[in-house]
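The values are calculated or read from the model by the stated rules, or taken from the named source; none is laboratory data. What you see is a predicted model; the values in this text were computed from it and never measured. Counting neighbours? That spans all protein chains shown, and the Cβs are built from the backbone with ideal geometry, glycine included.
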Amino acid sequence: MRARVALILLASAGIAHADEPGKPDGTDSLKTTAPAVAGDPAATKPKQTAEIEPLSTSDTLHSVDKTAPGPGEPGKPVAAVEVGDVRFELHGYARMPLSTQGTREAYLVDNDYYLSGFAYTRLYEPDWSELFFSAHKGNYKAEFGLFASLYSDYASARLENQLGVAQASVTADHFLDNEALSVKVGVFWDRFGYIEPYDTYVFGRTHQGGAKVSYVLPHGGHVQAGIGIHEAQLQQNLGLTPVANVAGSYPIGPVEVGAYVLRTWTRDKRQLSPIQDGTMWVTGLDAKYKLPHDRGTAYLAFAYYNMDKVLYLAPALEVMHSTGGRGLTENFLGLDHSDSGSGHMYTLATDVKTKLTDKIGLRTFGMATWVRSPQVDEMDPALNRDRRLYVKWGLEPSYKLLPKLAVSMRFDRVILDVYDSQNSFRVLSPKISFPLDNWGELFFQYSHYWYGDKVHLRAGQVPLETMPDSDVFKLQAQVVW
């Protein structure tokens, strides 16, 4: 297997707050507000990202610790500009890579958020940037999200990666004068069961236009219900697809327990179209435990997926790095004989982040997915998808050399079929990082891959190339504000 060396240079920049504008004589209609502190109704929660879409925690029931805390967290100020009685805020994230191998980029199997499927490790993410503009008036907030990837100034422009204004929503807090009730309407995400080391969602991330209602429970916790739709994509034979969810969390001592039920379906049969009725259910539980003495967190999630002809579902629900039913069919159930994407899946995931001392940290994480599918092939493990067990796990010890300098070593083990040992790989990734206070970080990372004999590039991934690279370097800077 040929060794390849790649260098990925990522540079990012952000706007933390609006500068104090000069006020015309005789008017105070334009001013910069005093920083609001989290907990104040005017303060908003931060936005942040990973992979090709943001990892905002504002709508997530259980979210892990973020790479860089942003404004809106306890004790953190939120800077804003007021025009009359309207308060404007700007949040965002940027990651802008330049990748090269001397003469080309690296060929990897684990670096495509959707096409890598279970093999995705998040070690080598593509570029991404986003801006969230919001306007607040009293208990109401209008928010707009702009997303883009693959910047055309240094690469060939790809319009599908320039998403423009991709989200727009209005949130009403204290709805109908009920302090615990809020309503959100528009185009937005809901995110459930996030595993940060793999940047994946165990219960799903919705891509919808619709509405949700949230209610804060006494003594902590909350419940929510939402419904929305994703428009049909007839050229891909995907019908109009609604998605609905009911979810809630509640603290029991030091443990916060969550429960989830999501359903997505299509009944969009059309003349001269192969689209069939399809349905998918996702149910599960999770728990997050805060370790004593503020030493870290432990997260555990279990999900069950029941799928019937999901091949025809538009991407209203993203689960396990699979966009819509077609992604699940391609990545897990099989395209050949899975009865148009029918079957069952079970997933167990964990993420434990601990601070052993003031300088030494350790993170352990892992996922396992068991698949039952009609696509059975007892002679060829590559075609067989039934009774297939996927497992990946990793650990990352870290040591803080200086307040602004840390080192770590991440190890990843990815097994794409427990019963086919050659369909697996290992990665060892030493890393040197320079924290940018609580705003972001700069880091340098090297990864060496060991591949099983059956690990190859995806068909058509790189013309005339079949073997992935074994040595990769990455230099990255990222911030969130």
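Quick check, is G248 under 25 Å from G327 (Cβ atoms), in a strand (DSSP E or B), touching a strand residue (DSSP E or B) at 6+ places or on another chain (Cβ under 6 Å) and modelled with pLDDT of 95 or more? Please lay out each step first, then the result.
Working: under 25 Å from G327 (Cβ atoms): no; in a strand (DSSP E or B): yes; touching a strand residue (DSSP E or B) at 6+ places or on another chain (Cβ under 6 Å): yes; modelled with pLDDT of 95 or more: yes.
Here the answer is no, as G248 does not meet what is asked.
Pick from region 411-446 the residues that are of a type in the set (D, E, K, R) and more than 30 Å from R387 (Cα to Cα): which of them is surrounded by the fewest Cβ atoms within 10 Å (Cβ to Cβ)?
First pass over region 411-446, keeping only residues of a type in the set (D, E, K, R): 412-413, 417, 420, 426, 431, 437, 441.
If we keep only those that are more than 30 Å from R387 (Cα to Cα) as well, we get 431, 437, 441.
Values: K431: 19, D437: 10, E441: 18.
Among those residues, the one meeting the criterion is D437.
To keep it simple, each residue is scored yes or no on (1) buried (at least 18 other Cβ atoms within 10 Å of the Cβ); (2) more than 24 Å from R122 (Cβ to Cβ); (3) out of contact with any His (no Cβ under 8 Å at 6 or more places or on another chain).
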{"residue": "G253", "(1), (2), (3)": "no, yes, yes"}
{"residue": "K288", "(1), (2), (3)": "yes, no, no"}
{"residue": "G296", "(1), (2), (3)": "yes, no, yes"}
{"residue": "Y304", "(1), (2), (3)": "no, yes, no"}
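Among the residues of region 135-167, write down those that are under 23 Å from the mean Cα position of the chain (by Cα), in a strand (DSSP E or B) and surrounded by 14 or more Cβ atoms within 10 Å (Cβ to Cβ).
Taking region 135-167 and keeping what is under 23 Å from the mean Cα position of the chain (by Cα), we get 142-151, 158-167.
After this cut, where a residue has to be in a strand (DSSP E or B) as well, the list is 142-148, 162-167.
Result: A142, E143, F144, G145, L146, F147, A148, Q162, L163, A166, Q167.
Go through the residues of region 264-281 one by one and say whether even a single one is surrounded by 15 or more Cβ atoms within 10 Å (Cβ to Cβ) and within 21 Å of Y113 (Cα to Cα).
No, every residue in region 264-281 fails to be surrounded by 15 or more Cβ atoms within 10 Å (Cβ to Cβ) and within 21 Å of Y113 (Cα to Cα).
Please give the number of the condition L176 fails out of (1) outside any strand (DSSP E or B); (2) aliphatic (A, V, I, L, M); (3) surrounded by 15 or more Cβ atoms within 10 Å (Cβ to Cβ).
Looking at each condition in turn, L176 falls short on (3).
Condition check: assigned to a strand (DSSP E or B), more than 22 Å from the chain's Cα centre (by Cα) and farther than 21 Å from L123 by Cβ. Does L383 satisfy that? I'd like the intermediate steps shown before the answer.
Values: assigned to a strand (DSSP E or B): no; more than 22 Å from the chain's Cα centre (by Cα): yes; farther than 21 Å from L123 by Cβ: yes.
When the stated conditions are applied, L383 does not pass them.
Which numbered condition in (1) surrounded by fewer than 17 Cβ atoms within 10 Å (Cβ to Cβ); (2) over 17 Å from R205 (Cβ atoms); (3) aliphatic (A, V, I, L, M) is the only one that V246 fails?
Just one mismatch for V246, condition (2).
Pairs please, first residue from region 315-342 and assigned to a loop (DSSP other than H, G, I, E, B), second anywhere and acidic (D, E) and modelled with pLDDT of 95 or more, Cβ atoms under 6 Å, 6+ apart in sequence or on different chains.
Cβ pairs passing all conditions: S342/D308.
Mind listing whichever residues of region 343-375 are hydroxyl-bearing (S, T, Y), in contact (Cβ under 8 Å) with a residue 40 or more places away in the chain and assigned to a strand (DSSP E or B)?
From region 343-375, those hydroxyl-bearing (S, T, Y) are 346-347, 350, 354, 357, 364, 369, 373; that's our starting set.
Pick out the ones that are also in contact (Cβ under 8 Å) with a residue 40 or more places away in the chain and you get 346-347, 350, 354, 369, 373.
If the condition is that a residue be hydroxyl-bearing (S, T, Y), in contact (Cβ under 8 Å) with a residue 40 or more places away in the chain and assigned to a strand (DSSP E or B), then Y346, T347, T350, T354, T369 are the ones that fit.
Take K474 and tell me if it is in a strand (DSSP E or B) and surrounded by 14 or more Cβ atoms within 10 Å (Cβ to Cβ). Spell out how you get there, then give the answer.
Numbers: in a strand (DSSP E or B): yes; surrounded by 14 or more Cβ atoms within 10 Å (Cβ to Cβ): yes.
It is true that K474 is in a strand (DSSP E or B) and surrounded by 14 or more Cβ atoms within 10 Å (Cβ to Cβ).
Would you tally the residues in region 256-274 being of a type in the set (A, V, I, L, M, F, W, C) and at pLDDT below 95?
Residues of region 256-274 of a type in the set (A, V, I, L, M, F, W, C): 257, 259, 261-262, 265, 272.
This time we only want the ones that are at pLDDT below 95, so: 272.
Count: 1.
Among the residues of region 443-471, write down those that are in a strand (DSSP E or B), touching a Ser or Thr at 6+ places or on another chain (Cβ under 7 Å) and of a type outside the set (S, T, Y).
F443, Q445, H448
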